[in-house]
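Asker: I'd like to ask some things about the structure below.
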Amino acid sequence: MSSKKTYGHPYASGLKKQSASTDTGSILFWILSIFTLIFLFWSPFQKALFNGNSFDFERPIYSSFVWSAIILILMVIFAYYRWTFSHLSDALSIAVWLIPITYLISLFGAGSHYYAVNMLYIQTMYVIFLLLAYFLAKSELGASILKNGFMISAYVIVWFGMFNWIGNKASIFAWVKWFAVDMRGGNIYQDAVMTDANGLRLTSVFQYANSYAAFLIAVLLCAVFLILSSKKWITAGIHGLMVVPIIISFFLTLSRGALVILPVVLLLVLPFLKPYRQVLYIVHLIVSFGLSLAILTKITDLGIEINKSFNANLSISGWLTLLLVSLINAVIAALIQKFAAEWLSSKMERFEKSKFAYVAIPVAALVVGAIGIFVLFSDLGFTKLLPDNIRTRIENINFQQHSVLERGTFYKDAMKLFVDYPILGAGGGAWPALYEKYQNNPYVSRQAHNFFLQYLVEVGLVGFLVLLLILATIVYVYIRNYRKQVQDTKDRRFIFYIIMISLLVHSMIDFDLSYVYLGILLFLSLGVMMSRDEIEIKGGWKESIAKYKWAYPSVLLVLSLVLFFNAVQALTANSLFSNAMAAANSNKNITEIFAPLDKALKQRPEHPDYAGYKIDILLQAYNQTKDDNWYNQAMALIKETRAKEPNNRNLLEKEIMALNAKNQIPQALELVTKEIANYPWDITLYEDNISMNFNLGNDADAAKNTQARDQYYNAAFETYNKVQERVKLLASLPKEQMQGRDFGLTKNMGFALGQIDYMRGKYAEAESFLKFGLTDQFDDQVNKQMTRWYLADLQKQGKNDQALYDKLIAKDPKEKDQIAALLNAKF
């Protein structure tokens with residue numbers, strides 16, 4: 001009898017091996033496996049399930065939530081027969097529920113109830129997928145299914161991106177259109193290739209280049225590992241074939257952050273490999289990068305040309321070049337594995353026994369890499385070998401570039417938010433709900449560009465520590481068991497460590513994990529990593545819990561049913577709202593529009609998009625009919641929804657609009673003045689404040705109430721002074737950093753303030769306001785009136801702008817009398 005120990009919970013004994021066979025032969029095992037495979041192929045083409053915190057993005061997420069709830073029900077059945085409480089991973093399978101629990105707790109003080117509920121759903125999905133991977137990957141077959149499923153689906157995403165880059169957008173979308181997210185009648189996947197200030201960038205299914213680059217880091221390092229761990233030359237060749245298009249795609253994203261992160265992740269991967277494998281890993285990367293760089297310029301340039309205007313010859317040339325070089329790389333990869341791997345292993349056998357063998361090569365690679373970076377940026381000009389757009393991006397990598405400075409600002413602002421909600425956080429979606437209150441300058445970013453900081457502000461220190469503790473424990477379980485496992489067991493699960501570390505490291509500089517697909521990949525990987533556990537739980541309480549092992553599946557059963565009904569409710573409400581919009585677009589009457597809309601609101605009363613849509617229709621009905629019933633309904637819905645969504649800017653705008661519709665200007669002014677503190681860089685609120693103070697001052701003047709008039713006029717200038725104070729703050733920004741939205745004196749503000757100064761006899765001061773943004777386009781009534789006041793103001797000072805005066809009179813001769821009236825008016 002062999003004395004060799006079989007590592008990996010739960011199959012360390014003959015009895016448990018028999019259990020493994022039963023698991024993999026059960027119908028539940030195959031249902032769960034098939035669902036996982038379908039999900040891995042379906043979810044990326046739903047814009048990678050991006051959580052955009054609005055109706056437009058939520059349907060695929062809610063669909064995923066429904067299926068997750070069903071999967072949890074199936075896993076409960078599985079757990080009743082298979083779950084035990086004997087190893088540390090079993091305890092972790094319970095502890096992971098603390099993650100959504102912390103989101104549930106933070107819901108009660110959330111900055112946005114809608115965002116927080118959605119994040120609770122998403123975090124629950126993450127835990128379900130972690131448990132799904134945990135149960136499936138306990139068997140070697142399950143681990144293989146997950147590994148191969150991810151890699152094949154990832155390769156599909158890579159080829160999908162290349163088809164879009166080389167001009168075959170419509171043809172490749174036709175293959176996936178039947179299950180991909182609706183592109184609103186388009187025959188291509190929108191923004192799979194997109195243009196921004198940096199040029200044309202490849203985004204594939206993500207519609208965001210940086211997150212695609214993060215995904216490609218994981219796929220690249222997994223593919224290279226699978227080359228050197230393959231036992232068959234054909235398998236090594238298949239993965240070798242894919243490495244070149246992955247690297248080409250990586251460069252085409254133009255992601256500077258990913259270029260910086262790639263070597264960091266590589267250094268976190270290499271120490272897990274035997275030294276001879278480390279050498280092979282680096283050799284494969286060098287060969288693949290060398291071949292990729294040889295054709296990068298051609299693929300880049302033809303892609304840019306094809307995306308301007310399709311050219312069949314260029315497209316064919318691009319495909320032939322890419323496929324030929326990929327095939328060459330596949331052959332080289334297979335030859336290296338067939339002839340060099342075993343030889344290198346025997347040559348390095350003695351070296352592997354040395355104390356620092358596993359870190360020596362990564363350290364050497366770090367030194368060589370540092371030298372390489374120096375050479376790359378030196379006067380030798382190696383970057384000139386790259387395409388212009390990629391070379392420019394690489395040469396601009398420094399800590400003073402605008403993207404670095406802006407991220408630094410996001411991080412500081414996130415810490416300001418955290419200080420106000422330190423213990424339990426401000427709920428899921430805290431950053432998009434509240435960032436405008438804490439921002440340093442008027443940027444627009446509904447993402448903090450750092451997963452850990454965004455997580456910190458959502459669930460506070462308590463939730464953040466829970467996450468870190470769970471991550472650290474899973475990594476500990478993985479590493480401790482990894483050291484004991486046989487090579488095949490290690491190899492079957494190692495790519496999930498690569499995925500985990502790639503996503504977590506890159507998410508420190510970007511919002512990758514706002515893509516629910518990537519978040520699910522992360523938690524799937526964590527589940528696989530903890531699936532083969534030899535760390536036994538010790539102590540008397542182990543037996544006590546074991547007696548009641550049915551309790552955990554029972555709790556999960558109740559939870560799964562609650563989740564299922566909530567998921568179906570959310571998805572049904574989404575469908576009803578879509579029906580309401582379709583009815584409105586078909587010019588149906590208000591009753592037919594409200595029928596599905598009211599049902600949607602009944603199911604999701606806190607939903608700001610559903611409520612906002614109904615409010616708009618109610619206010620339109622009021623403006624057309626002046627029936628107070630419509631107005632009262634609108635105001636009641638505004639108050640009800642804003643009670644749950646006090647930080648929703650769109651709802652605030654609707655309340656201001658509603659108050660103005662009833663000419664309740666004092667109430668609107670009070671609201672705007674109060675909300676400036678929550679949106680200190682929103683220039684429209686300052687503009688509204690000044691305009692309302694001006695109009696109320698005019699009303700007071702007409703009523704002969706000079707005290708009230710002066711109070712309103714003075715308040716307008718106090719608001720303007722606040723604007724000027726903030727403008728001075730913007731001047732202190734580094735010159736490389738963009739300020740974001742425009743902030744400062746606007747034309748409407750200038751017109752109101754100029755009129756006040758004119759009426760007060762401050763003609764010189766009025767001139768600077770009245771000429772701000774002034775043009776000779778007199779079809780614009782505001783511009784026409786502003787010109788009238790400006791010309792009158794000049795005459796008050798003994799000045800004139802004859803050319804502008806002549807143009808105005810030529811456009812409207814009556815303006816001559818209007819200007820004369822202003823000159824003779826007594827204020």
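Asker: Please give, to one decimal in nm, the separation of the simple spin-label points placed at residue 402 and residue 780, each 7 Å out from Cα toward the Cβ.
Answerer: 2.4
Asker: For the chain, what is the charge dipole size about the Cα centre, in debye to the nearest 20, if Lys and Arg each add +1 at the Cβ and Asp and Glu each add -1 at the Cβ?
Answerer: About 2840 debye.
Asker: For residue 768 and residue 316, calculate 0.36 nm times their separation in residues minus their Cα-Cα distance, and state this gained length in nm to one decimal.
Answerer: Details: separation 452, 0.36 × 452 = 162.72 nm, distance 6.12 nm.
Roughly 156.6 nm would be gained on extension.
Asker: To the nearest 0.05, how large is the calculated FRET efficiency for residue 562 and residue 729 if R₀ is 51 Å and r is the Cβ-Cβ distance? Walk me through the intermediate numbers first.
Answerer: On the way: r = 48 Å, r/R0 = 0.95.
Efficiency, rounded to the nearest 0.05: 0.60.
Asker: Per residue of segment 153-163, in order, report the coupling 6.51 cos²θ - 1.76 cosθ + 1.60 (Karplus, θ = phi - 60°) as ³J(HN,Hα) in whole Hz, putting x for Gly and Pro.
Answerer: 5, 5, 5, 4, 4, 5, 5, 4, x, 5, 4
Asker: Taking the alpha-carbon centroid of each part, what is the distance from segment 742-768 to segment 552-610 in angstrom?
Answerer: Here the two parts' Cα centres lie 49 Å apart.
Asker: Per-residue HN-Hα couplings for segment 622-629, Karplus 6.51 cos²θ - 1.76 cosθ + 1.60 at θ = phi - 60°, whole Hz, x for Gly and Pro?
Answerer: For segment 622-629, the Karplus-derived couplings read 5, 4, 7, 10, 6, 7, 4, 4 Hz, x marking Gly and Pro.
Asker: To continue, here is another question. Measure off, as a whole percent, the carbon and sulfur share of the 1.4 Å-probe accessible area of the chain, all protein chains present. List each step's numbers first, then the result.
Answerer: Working: 22100 of 36100 Å².
For the chain, the apolar C and S fraction of the accessible surface comes to 61 percent.
Asker: Now for a separate question. Output the relative contact order of the chain, whole-number percent, from Cα pairs under 8 angstrom with separation of 6+ residues.
Answerer: 17
Asker: Taking just the alpha carbons, could you work out the radius of gyration and Dmax for segment 192-327, both in angstroms?
Answerer: Calculated on Cα positions, Rg and Dmax stand at 15.6, 49 Å.
Asker: Moving on to the next point. Amide H neighbours of residue 50 under 5 Å, at least 5 residues apart or on other chains, H built in the peptide plane: list them.
Answerer: Result for residue 50 returns 516.
Asker: Another question about this same structure. For the charge dipole of the chain, defined by +1 on Lys and Arg C-beta atoms and -1 on Asp and Glu C-beta atoms about the Cα centroid, which residue among 316, 111, 195 has the Cα displaced farthest towards the positive pole?
Answerer: Toward the positive end, the furthest listed residue is 316.
Asker: For residue 699 and residue 581, calculate 0.36 nm times their separation in residues minus their Cα-Cα distance, and state this gained length in nm to one decimal.
Answerer: 38.4 nm
Asker: Please list 3J(HN,Hα) in residue order for segment 468-475, calculated via the Karplus relation 6.51 cos²θ - 1.76 cosθ + 1.60 where θ = phi - 60°; whole Hz, with x for glycine and proline.
Answerer: 4, 5, 5, 4, 5, 5, 5, 5
Asker: Taking 60 Å as R0, compute the FRET efficiency from the Cβ-Cβ separation of residue 324 and residue 616 and round it to 0.05.
Answerer: Details: r = 57 Å, r/R0 = 0.94.
That gives a FRET efficiency of 0.60.
Asker: Then there's this: Name the residue farthest towards the positive end of the dipole of the chain from the options 141, 504, 129, assuming +1 on Cβ of Lys and Arg, -1 on Cβ of Asp and Glu, about the Cα centre.
Answerer: The residue sitting farthest along the positive end of the dipole is 141.
Asker: Further question: If we restrict to alpha carbons, what Rg and Dmax does segment 721-797 come to, in Å?
Answerer: Looking at segment 721-797, its Cα Rg and Dmax stand at 14.8, 44 Å.
Asker: So if I restrict to the alpha-carbon atoms in the chain, what is the Rg, and what is Dmax, the biggest pairwise distance, in Å?
Answerer: 31.7, 115
Asker: Tell me which lysines have Cα within less than 20 Å of residue 784's Cα, excluding those fewer than 8 residues away on the same chain?
Answerer: The reachable lysines, counting only those whose Cα sits under 20 Å from residue 784, are 747, 771, 796, 799, 807, 811, 814, 816.
Asker: Let me ask something else. Just the accessible area per residue of the chain, please: how many Å² with a 1.4 Å probe?
Answerer: On the way: 36100 Å² over 827 residues.
Ligands and nucleic acids excluded, the result is 44 Å² per residue.
Asker: What FRET efficiency comes out for residue 484 versus residue 346 if R0 is 22 angstrom and r is the Cβ-Cβ distance? Round to the nearest 0.05. Could the numbers behind the result be given before it?
Answerer: Numbers: r = 24 Å, r/R0 = 1.10.
The computed FRET efficiency comes out at 0.35.
Asker: According to a simple spin-label model (label point 7 Å from Cα along Cα-to-Cβ), what is the distance in nm between residue 452 and residue 370?
Answerer: 2.2
Asker: Rg to Rh ratio, segment 680-778, alpha-carbon atoms and Kirkwood radius? Can you show the working numbers first?
Answerer: Numbers: Rg = 14.9 Å, Rh = 14.5 Å.
Using Cα coordinates only, the ratio equals 1.03.
Asker: Let me ask something additional. Calculate, in nm to one decimal, what residue 144 and residue 708 gain on full extension: separation in residues at 0.36 nm each, minus their alpha carbon distance. Provide the component values of the computation, followed by the final result.
Answerer: Numbers: separation 564, 0.36 × 564 = 203.04 nm, distance 7.76 nm.
Computed gain between residue 144 and residue 708 is 195.3 nm.
Asker: If you count, for each residue, the other Cβ atoms within 10 Å and average over each peptide, how do 431-440, 621-630 line up from highest to lowest? Spell out each step's value before the answer.
Answerer: Working: 431-440: 22.7, 621-630: 13.2.
For the peptides 431-440, 621-630, the packing ranking is 431-440, 621-630.
Asker: I've got another one for you. Taking the highest mean first, how do the peptides 786-795, 344-353 order by number of other beta carbon atoms within 10 angstrom per residue? Before the final figure, lay out the partial values.
Answerer: Details: 786-795: 22.4, 344-353: 12.8.
Result, highest mean Cβ count within 10 Å first: 786-795, 344-353.
Asker: Right, here's the next one. Give the separation of the Cα centroids, segment 516-539 to segment 297-336, in Å.
Answerer: Cα centroid to Cα centroid, the span is 39 Å.
The values are calculated or read from the model by the stated rules, or taken from the named source; none is laboratory data. Computed from a prediction, not measured in an experiment: that's the story for all the values here. Quick reminder, even Gly has a Cβ in these numbers, built from the backbone with ideal geometry, and neighbours come from all protein chains shown. Surface areas here come from the heavy atoms of the whole protein model, side chains and all, with no ligands, DNA or RNA. Shrake-Rupley method; radii C 1.70, N 1.55, O 1.52, S 1.80 Å.
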